[in-house]
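Notes to accompany the following structure.
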Amino acid sequence: MEQPDLLILGYSEAAMFLKSVATNSISAIISIHGPREFGVECDVKRRLDLSFDDADVPNANDSLAIQSAIARQRWNQRNGLSEVVPELTDAQRIIDFARTLENEGGTLLCHCGAGISRASAAAFICLAVWEGEGYESQCITEVRRLRPNAQPHEGLVRFADQLLARNGKLTCALKLA
């Protein structure tokens with residue numbers, strides 16, 4: 001089965017890359033940006049734009065993570081900020097988009113603000129869709145090969161784990177990598 005090559009970049013890197021090379025090698029883009037960020041401009045046939053910040057989605061079973069999220073929310077409120085967290089539907093849209101790209105060549109560019117958390121999570125989810133169950137460790141290894149400083153967004157990966165019925169295998173691979 002053929003699948004697109006992956007490229008994981010931050011916003012500035014992606015914008016410079018798209019201006020410096022022929023963009024016909026980019027067949028699709030997943031652009032993830034918060035309300036105060038920008039998506040890259042590129043004329044491609046297949047594009048998924050998602051809008052959420054690199055904000056934690058606390059695990060309901062982790063009281064420390066919940067307390068941390070509450071503290072962050074209070075800090076944001078005191079400082080007049082708001083953050084949009086990813087939702088289950090965002091993970092579903094990435095999964096659906098990945099399925100439309102199965103058996104296609106070209107390159108899928110995944111980008112977010114820094115190319116570390118949200119974009120690498122999107123790439124990890126795409127690989128998990130394309131490779132299927134049982135290859136979770138290989139998928140995260142590939143993400144880290146492509147983007148050595150990748151720290152995929154745990155909440156987004158947890159949503160994908162649930163939607164793909166992986167029973168914790170995606171989140172476990174993420175923690176063990």
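The numbers here are math on the coordinates, done by the rules we state, and not lab data. If you're wondering where the values come from, they're calculated on a predicted model, not measured in any experiment. Neighbour counts run over all protein chains shown; Cβ positions are idealised from the backbone, glycine included.
Is the range 79-177 rounded, prolate or oblate when judged by the Cα gyration tensor, a ≥ b ≥ c being the square roots of its eigenvalues, rounded requiring a/c under 1.5 and prolate requiring a/b larger than b/c? It is rounded, given that a/c, with a ≥ b ≥ c, falls under 1.5. Placing unit charges on the Cβ atoms only, positive for Lys and Arg and negative for Asp and Glu, gives the range 70-171 a dipole magnitude near 500 debye about its Cα centre. Annotation: for a label point projected 7 angstrom from Cα along Cα→Cβ of GLU102, residues of the range 116-140 with backbone N closer than 11 Å are 129-133.
Taking the Cα centre of the chain as reference, the dipole from Cβ charges on Lys and Arg (+1) and Asp and Glu (-1) amounts to some 360 debye. Classify the range 119-162 as rounded, prolate or oblate, taking a ≥ b ≥ c as the square roots of the eigenvalues of its Cα gyration tensor: rounded when a/c is under 1.5, otherwise prolate if a/b is larger than b/c and oblate if not. Oblate. When the Cα positions of ASN149, ILE94, GLY106 are compared along the charge dipole of the chain, ASN149 comes out farthest toward the positive end, with charges on each C-beta of Lys, Arg, Asp and Glu.
With K and R counted +1 and D and E -1, the other residues having a Cβ less than 13 Å from that of THR171 yield a net charge of 0.
Tell me whether the range 77-120 comes out rounded, prolate or oblate; compute the Cα gyration tensor, take square roots of the eigenvalues as a ≥ b ≥ c, and use a/c under 1.5 as the rounded threshold.
Details: a/c = 4.98, a/b = 2.05, b/c = 2.43.
Judged from the Cα gyration tensor, the range 77-120 comes out oblate (a/c at least 1.5, b/c at or above a/b).
For the chain, hydrophobic long helices are taken as DSSP H runs at least 18 Å long by C-alpha position along their axis with mean Kyte-Doolittle hydropathy of 1.0 or more; these are 118-131.
Ordered by packing density, taken as the mean number of other Cβ atoms within 10 Å over each peptide's residues, highest first, how do 152-164, 28-40, 66-78 rank? Don't skip to the answer; put the middle values down first.
Values: 152-164: 23.5, 28-40: 19.6, 66-78: 12.3.
Order by mean packing, descending: 152-164, 28-40, 66-78.
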